[in-house]
Amino acid sequence: MIPFSFRTLPAGLLLLAGILTSLPLERAAAQDAGAMQISWEVRNRFRLFREERDFQLHVENARNRSILAAEQSLELQSEGRGWARNMVNRLCIDLQGRVNQPCTRDNVKENYLTPTDHPVTVRLTGAVPVGATCAWSFDDGDGPQTSTFDCAEPINLRVRYGKQTVASVDVSSGSDPTQRVQAEIQVRDIFVAGLGDSIGSGEGNPDRPLALSDEGFCFRSYLGTAGAQYYRPSRAGYKGGRACEAPDTLANWQHYGALWFNSPCHRSLYSYQARTALALAVRYTHIAVTFLPLACTGASIGDGLLGSQRARECPPGKTGVCNTSVNAQVAELREALTAAKKRQPDRTLDLVLLSIGANDVYFSGLVADVIVDTATERALFRRSGVMASVDDSRDALARELPQNFVKLREALKPLVGGDLSHVVYVSYANPALADGGVPCRGGRAGFDIHPSFNADPQRLARVSTFVDTEFLPQLKGLATCTRGALCRDPEADRMTFVDSHQAAFGDHGFCAHSGNDPEFDRTCFAENGQSFNPDIVSAASQPMLCGRGASEYRAYLPRARWIRDANDSYFAAMTYPQGLPAASQPTDIHDATWGVLSAVYGGAVHPSAEGHAAMADAALPAASSVLGLDAVPPGVTRGLLAPLLGTQQ
């Protein structure tokens, strides 16, 4: 039985469906414009979205644009507040990471991992006589379902998963002979999983950014003296004590934090993995995409992919209980795939998007070594193991990462039918380049959110050189079974590798600036690293030296920098990581430790939404090729198009 109707969508969506079927996203390059034909497309085909209006927003903005240009368009439309801020509450996966089974999508209950049918819009296009009548028939093998409508009306039906439906229409117009047109409809549902670390999860880009207060909030300094305090912007809505002498509970403070698609892992809809999966659904109208995001900030191969790891944050809940552990990603994926195969034995994992390895070589420790500049903090962080040297990373790169990749390949191969080409490994970009690949000069600009931060030029140059000449080439060798990588069967063990975005990041590191950057950034984030009011009396009511309110900051506006600096991290997320060991969890929200962590744990030195969109532009052709799809639909240029705001380049 095939349910269908031409009245099942609101009038606006019916009109939009008619417009969209005219788009050349998945049509042959040349067609006889005069011939009638049956055109069809899957509705709301990014199945993570519960509501079609959210998917259509991306369809509209993707028209003849790269993912980067579409992101910039959406940022301007949202006035910098971000397109995901409301969508995050309308997904088939909840904020704890649980898949809703069933998930009600556009008023129909569906099994998310194993759909039994898909919504499709069918219409007759071409030289259709005005006023013609269409007698439609849809047959999926259980007998035809027929009905007659005006040929101008679209037909909305649900077609069975895994079965071909034959659509035919008899067109009658006055005394003209009846004409028959026929087509075959079969939806391919593509199962995509996202694995990896903070680059895979989208760290730095909360789905609903923090709302900032224009007033100040006090942090203590590690120096511990009475005068060792400083003020930075507070959280909007917070009514507790803002002075260091007025302690409050972390639970109360966290009610006013940023909202993530998944707080324990800082998963975001802005991640390149979500954007790549979404772009597949936008560009290919005859498929549906089932996306399972599992990447987690802080993950390494051992702690995160193959084993459990600590959570980053806990979402505000009624119970107040915080589960500080996150299950191993590969185990979660294996469990989901096993459950899907029980319902549909032929269900396969079609594609894995993966970024991993930075935490295996202590990359966050390298960042800490670069930006923490004062002797007291450096000594404390060195003793606690927070900081790492280039020599530490080089040793891990040579000794540990190759063995970890062997274990990872063995764990992933059974999930992708023994062929690791279905794993698309998207490499990192050097975050510290600008002006065509010149290393950033360093300094306090972008890092003065904390008094002890200063990107030391010499340490920064050492890390940048290590990333370019050792880390990134070794990663490519490990993923592609070259450079002496340990691969039992190179043909089967070689992942599909993506690094074409790295050149574009050479102009867009954390130090990149442009006259088109947001006015607040240009006015209030000082290039001399003196953005914040040092006077603790006046800073309590006005922490910004520019005299403007911090609430004017917008996390999602086009910028020259595609890498979040520490100021961005604080202003967008202000993360108080609850997954740290109990000994590292201060009870007082004004503690000096929170001052440091809140400045970096929200995504400092991570790609912005624009950066992730550029990465998705690079990943999309590779994903399309692995899936056997046309990677370059008509009207869309392969790879990175010029951004919407070309003067930013």
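The values are calculated or read from the model by the stated rules, or taken from the named source; none is laboratory data. As the structure is a computational prediction, the values presented were derived from the model and not from experiment. Don't worry about glycine lacking a Cβ; one is built from the backbone with ideal geometry, like all the others, and counts go over all protein chains shown.
Considering segment 334-377 alone, what residues qualify as being among the charged types (D, E, K, R) and in contact (Cβ under 8 Å) with a residue 40 or more places away in the chain?
ARG334, ARG343, ASP346, ARG347, ASP350, ASP360, ASP369, ASP373, GLU377 - these are the residues of segment 334-377 that are among the charged types (D, E, K, R) and in contact (Cβ under 8 Å) with a residue 40 or more places away in the chain.
What is the residue count in segment 343-355 for residues that are touching a helix residue (DSSP H, G or I) at 6+ places or on another chain (Cβ under 7 Å) and either assigned to a loop (DSSP other than H, G, I, E, B) or modelled with pLDDT under 95 (or both)?
3
For segment 437-484, which residues satisfy the criterion of being under 12 Å from ASP565 (Cβ atoms) and either assigned to a strand (DSSP E or B) or touching a His at 6+ places or on another chain (Cβ under 8 Å) (or both)?
GLY443, PHE453, ALA455
What are the residues in segment 488-506 that are surrounded by 20 or more Cβ atoms within 10 Å (Cβ to Cβ) and more than 15 Å from SER421 (Cα to Cα), if any?
The answer is HIS501, ALA504, PHE505.
Name the residue that is farthest from ALA35 (Cα to Cα), counting only residues in segment 169-185 that are touching a residue at least 40 places away in the same chain (Cβ under 8 Å) and in contact with a strand residue (DSSP E or B) (Cβ under 7 Å, 6 or more places away or on another chain).
Filtering first and then ranking leaves ILE185.
Restricting to segment 594-629, and then to whatever is assigned to a helix (DSSP H, G or I) and polar (S, T, N, Q), can you tell me which residue is farthest from LEU68 (Cα to Cα)?
It comes out as SER598.
Find all pairs meeting these conditions: Cβ atoms under 6 angstrom apart; at least six residues apart or on different chains; first residue within segment 250-266 and in a helix (DSSP H, G or I); second residue surrounded by 19 or more Cβ atoms within 10 Å (Cβ to Cβ).
LEU250/ILE589; TRP253/ILE589
Quick check on segment 518-533: of everything there that is without any contact (Cβ under 8 Å) to a residue 60 or more places away in the chain and out of contact with any Asp or Glu (no Cβ under 7 Å at 6 or more places or on another chain), which residue is surrounded by the fewest Cβ atoms within 10 Å (Cβ to Cβ)?
It comes out as GLU519.
It is to be established whether one or more residues within segment 413-421 are within 27 Å of PHE219 (Cα to Cα) and either part of a strand (DSSP E or B) or touching a Lys or Arg at 6+ places or on another chain (Cβ under 7 Å) (or both). Step through it out loud before you land on a result.
Our first condition is that a residue be within 27 Å of PHE219 (Cα to Cα); within segment 413-421, this holds for none.
No, the conditions are met nowhere in segment 413-421.
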